[in-house]
Amino acid sequence: MELGRALLVPLMVAAVVCLPVVITLLICADELVDRLAGRWARWRSRQRERRIIARLDRAVEADALTRNIDLSRMDRPDRQPLEQLATELRRLRGHQVGGSGRARVWHEATLASYDNRLRLACAALGIGQHLDELTGVDRELERVRVEGLLHRAGLILPGARPEHRQRHR
């Protein structure tokens, strides 16, 4: 009997001491379960994305498409960022369209600068263009074609304003 009491006292002390810990665990259990469930869901989502990307790579043979691209050309220090080119193209397009009262020299200089930025954007995105080789109406048509290709590649440029009427020379 003495041995039973000797074991019972430390068990009761341990129960009293551990009781707050057990209550705290019960209260915080939902938060711990939420954290574990969130981590599990994020891990599953990342795994699913990796599988989808791997399937897409196999479906479009991405390695074959990117094998001939020279990435060192993209890291040149003299290369202008595409975002900056897009901003300059939008600004120049605004000057070009909005400059109805300006001199012919201003209009031609703005157009030449716009064409230069179009060339740089085409080079950055790997789009072929023939702005250097053409003149007159052919160059204007090529400019519209290049703007369409840049738009298709994701570089959206503003079109002519509806109230703007084109001058005939």
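The values are calculated or read from the model by the stated rules, or taken from the named source; none is laboratory data. In this text, all values refer to a predicted model and were calculated from it rather than measured experimentally. Methodologically, a virtual Cβ is constructed for each residue, glycine included, from the backbone with ideal geometry; neighbour enumeration extends over all protein chains shown. We work out accessible area using only protein heavy atoms, side chains counted, and drop any ligands, DNA or RNA first. Shrake-Rupley method; radii C 1.70, N 1.55, O 1.52, S 1.80 Å.
Points worth noting:
- Pairing each residue of the range 105-128 that is farther than 16 Å from Ala86 by Cα with any residue that is crowded, with 17+ Cβ neighbours inside 10 Å and of a type in the set (A, V, I, L, M, F, W, C), provided the two are 6+ apart or on different chains, yields C-beta distances under 8 Å for Gly128/Cys122.
- Hits in the range 93-116 (condition: touching a helix residue (DSSP H, G or I) at 6+ places or on another chain (Cβ under 7 Å), modelled with pLDDT under 85 and under 18 Å from His151 (Cα atoms)): Arg93
- The range 34-79 - residue that is open to solvent by less than 100 Å² (accessible area, probe 1.4 Å) and at pLDDT 90 or above and, of those, nearest to Leu125 (Cα to Cα): Ile52
- Contact map, the range 134-150: first residue not in a helix (DSSP H, G or I), second residue not small (Gly, Ala, Ser), Cβ cut-off under 6 Å, separation 6 or more or different chains; pairs are Leu134/Glu142.
- The range 125-142: number of residues that are under 19 Å from Glu88 (Cβ atoms) and open to solvent by less than 20 Å² (accessible area, probe 1.4 Å): 1
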